[in-house]
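*Asks:* Please read through the structure below; I'll follow up with questions.
The values are calculated or read from the model by the stated rules, or taken from the named source; none is laboratory data. Bear in mind that the values here come from a model prediction, so they are computed numbers and not experimental data. No Cβ is skipped: glycine too gets one built from the backbone with ideal geometry, and neighbour counts run over all protein chains shown.
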2 protein chains.
Amino acid sequence: MKKIILASKSIDRSEILKRAGIPFEKFVTNINEEKYKTKFSNPADLVKETAKAKMLCAKNELKKNKIDAIIIAADTIVIIGREIIGKAHNEEEAYKILKKLMGKSHKLITGIAITEVQNSKIIVDTDTTIVEFLHLSDEEIWQYIKSNEWKERAGAYSIRDKASMFISKINGSSSNVIGLPMHKIYKILRTEFGLNLFQFK
Amino acid sequence: MKKIILASKSIDRSEILKRAGIPFEKFVTNINEEKYKTKFSNPADLVKETAKAKMLCAKNELKKNKIDAIIIAADTIVIIGREIIGKAHNEEEAYKILKKLMGKSHKLITGIAITEVQNSKIIVDTDTTIVEFLHLSDEEIWQYIKSNEWKERAGAYSIRDKASMFISKINGSSSNVIGLPMHKIYKILRTEFGLNLFQFK
């Protein structure tokens, strides 16, 4: 059985794979995400290039150690209007982001990059979900922030946790909102790398 | 602080409330759901009446013991074409349900019923989400069934687990697909029962 490597430090992405019953190992890359943000103004290009960079970083490292594996990397951002929103660095930033998103729809885009260590094939794709928020009062936004759910999450929210209370609607893949568009990953692995993810118990 | 009672034995509904940080107790009702299925042919009426029956069963019991609490009950079904689909009772039934849903869109409807033990107010509502499945082969459907995810779930799937790989799109609330439309529950509790669910840490 080929090893699967998730080149991401996101606990949300790890949880999706675990719940889908997929055995994997985590590989933490130290890509400077901020660098990409200044380089690519097109959201789809940004997430694709960031995911690709994470994937290549893992690939180079695993090649050195002669480990064969399938590598999955991803990067997620939120778009409102023409603004690209990543993660908040502190509570004040989380407040500003959430305030902007309340009572409106935004786009959530994930870029994925998949390869095999001993294979030149690289598949890069994106998935977009539209997410609609209820309007929350400032008091409620601050109560939400105090739960710390905003930390390490694009758009400062987590759909599976407290944010379920203010997400009125999504249009698109829900696993994409968590950071891994599983239906696309399943299809790419099956058609491009001959791996059936349903074989795992 | 008022107690919250979840009148449902669903592990999925319990998990949503837990992840939203809401303290609650479970109350298992023994409503004969099959009886309602023959009584109501309209899907919205069916889930509303079943949820209401669960809620009333809990209310009567808690009244006897003089316990004051907010009670939340729910019932979920899947609709494809004009057919109402509940839970599968065995693997063969799970296969037939999943085979019907593959490669198509279906509706998932949850009915919710909310009250307070010492309050005559009863709020009943429904929420509908459209869920789109990829097409899976028979082999993949059977591999999925062997994971046992179909058990105790309307439509024989669980969006947060392995089914994330064949759900290509949803349109509506994602917590509704898990069995509790959290944005509606949050709004009803805030406006009708004066309870702010964001107050919990």
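*Asks:* Given the conditions (1) more than 22 Å from B:Glu49 (Cβ to Cβ); (2) more than 14 Å from every other protein chain (Cβ to nearest Cβ), which single one is not true for B:Gly155?
*Replies:* (1)
*Asks:* What do you reckon, is A:Asp161 crowded, with 21+ Cβ neighbours inside 10 Å, at pLDDT 95 or above and in contact with a Gly (Cβ under 8 Å, 6 or more places away or on another chain)? Steps first, answer last, please.
*Replies:* Details: crowded, with 21+ Cβ neighbours inside 10 Å: no; at pLDDT 95 or above: yes; in contact with a Gly (Cβ under 8 Å, 6 or more places away or on another chain): yes.
When the stated conditions are applied, A:Asp161 does not pass them.
*Asks:* As an exercise: evaluate A:Glu25 against (1) more than 25 Å from A:Thr128 (Cβ to Cβ); (2) in contact with a Ser or Thr (Cβ under 9 Å, 6 or more places away or on another chain) and give the number of the one condition it does not meet.
*Replies:* Result: A:Glu25 fails condition (2) only.
*Asks:* For the range B:169-194, name all the residues that are small (Gly, Ala, Ser) and more than 30 Å from B:Leu134 (Cα to Cα). Break it down stepwise before answering.
*Replies:* Filtering the range B:169-194 for residues small (Gly, Ala, Ser) gives B:172-175, B:179, B:194.
Scanning the range B:169-194 gives a single hit, B:Gly194.
*Asks:* Next up: When the residues of the range B:117-151 are filtered to those that are in contact with a Phe, Trp or Tyr (Cβ under 6 Å, 6 or more places away or on another chain) and not in a helix (DSSP H, G or I), which remaining residue is farthest from B:Ile70 (Cα to Cα)?
*Replies:* B:Leu136
*Asks:* Report yes if some residue within the range A:29-51 is in a helix (DSSP H, G or I), within 14 Å of another protein chain (Cβ to nearest Cβ) and at pLDDT 95 or above; otherwise report no. Outline the logic, then answer.
*Replies:* Within the range A:29-51, the subset in a helix (DSSP H, G or I) is A:33-39, A:43-51.
Going one step further and asking which of them are within 14 Å of another protein chain (Cβ to nearest Cβ), we end up with none.
Looking for residues that are in a helix (DSSP H, G or I), within 14 Å of another protein chain (Cβ to nearest Cβ) and at pLDDT 95 or above, one finds none in the range A:29-51, hence no.
*Asks:* From B:Asn196, B:Asn148, which residue is on the phi > 0 side of the Ramachandran plot and surrounded by fewer than 23 Cβ atoms within 10 Å (Cβ to Cβ)?
*Replies:* Details: B:Asn196 fails: on the phi > 0 side of the Ramachandran plot.
None of the other options fit; the residue is B:Asn148.
*Asks:* Would you pick out the residues in the range B:159-170 that are farther than 16 Å from A:Asp161 by Cα, within 8 Å of chain A (Cβ to nearest Cβ) and out of contact with any strand residue (DSSP E or B) (no Cβ under 8 Å at 6 or more places or on another chain)? Spell out how you get there, then give the answer.
*Replies:* Let us first name the residues in the range B:159-170 that are farther than 16 Å from A:Asp161 by Cα, namely B:162-170.
Cutting the leftovers down to within 8 Å of chain A (Cβ to nearest Cβ) gives us B:162, B:164-170.
Those that are farther than 16 Å from A:Asp161 by Cα, within 8 Å of chain A (Cβ to nearest Cβ) and out of contact with any strand residue (DSSP E or B) (no Cβ under 8 Å at 6 or more places or on another chain): B:Lys162, B:Ser164, B:Met165.
*Asks:* Yes or no: the range A:121-129 includes at least one residue that is under 30 Å from A:Ile4 (Cα atoms), within 12 Å of chain B (Cβ to nearest Cβ) and surrounded by fewer than 18 Cβ atoms within 10 Å (Cβ to Cβ). Give the derivation first.
*Replies:* Going through the range A:121-129, the residues under 30 Å from A:Ile4 (Cα atoms) turn out to be A:121-129.
Checking the rest, the ones that are also within 12 Å of chain B (Cβ to nearest Cβ) come to A:127-129.
Those still in the list that are surrounded by fewer than 18 Cβ atoms within 10 Å (Cβ to Cβ) too: A:128.
The answer is yes, given that some residue of the range A:121-129 is under 30 Å from A:Ile4 (Cα atoms), within 12 Å of chain B (Cβ to nearest Cβ) and surrounded by fewer than 18 Cβ atoms within 10 Å (Cβ to Cβ).
*Asks:* Within the range B:85-98, restricting attention to residues that are small (Gly, Ala, Ser) and part of a loop (DSSP other than H, G, I, E, B), which residue is nearest to the chain's Cα centre (by Cα)?
*Replies:* B:Gly86
*Asks:* Among the residues of the range B:171-201, write down those that are in contact (Cβ under 8 Å) with a residue 24 or more places away in the chain, over 16 Å from the mean Cα position of the chain (by Cα) and facing chain A (nearest Cβ under 7 Å).
*Replies:* Within the range B:171-201, B:Asn171, B:Leu197, B:Lys201 meet the criteria.
*Asks:* Tell me yes or no: at least one residue of the range B:69-84 is more than 14 Å from chain A (Cβ to nearest Cβ), part of a strand (DSSP E or B), surrounded by fewer than 18 Cβ atoms within 10 Å (Cβ to Cβ) and not β-branched (Val, Ile, Thr).
*Replies:* So far as the range B:69-84 goes, yes, one or more of its residues are more than 14 Å from chain A (Cβ to nearest Cβ), part of a strand (DSSP E or B), surrounded by fewer than 18 Cβ atoms within 10 Å (Cβ to Cβ) and not β-branched (Val, Ile, Thr).
*Asks:* Now, a different point. Among the listed residues B:Gly111, B:Gly21, B:Gly103, which satisfies the condition of being touching a residue at least 40 places away in the same chain (Cβ under 8 Å), in contact with a Phe, Trp or Tyr (Cβ under 7 Å, 6 or more places away or on another chain) and not in a helix (DSSP H, G or I)? I'd like the intermediate steps shown before the answer.
*Replies:* Values: B:Gly111 fails: in contact with a Phe, Trp or Tyr (Cβ under 7 Å, 6 or more places away or on another chain); B:Gly103 fails: touching a residue at least 40 places away in the same chain (Cβ under 8 Å).
Residue meeting the stated conditions: B:Gly21.
*Asks:* Within the range A:1-18, can you find the residues that are without any contact (Cβ under 8 Å) to a residue 60 or more places away in the chain and more than 11 Å from the chain's Cα centre (by Cα)?
*Replies:* A:Met1, A:Lys18, listed by residue number.
*Asks:* Of the conditions (1) over 14 Å from B:Val124 (Cβ atoms); (2) surrounded by 12 or more Cβ atoms within 10 Å (Cβ to Cβ), B:Met55 clears all except one; give me its number.
*Replies:* (1)
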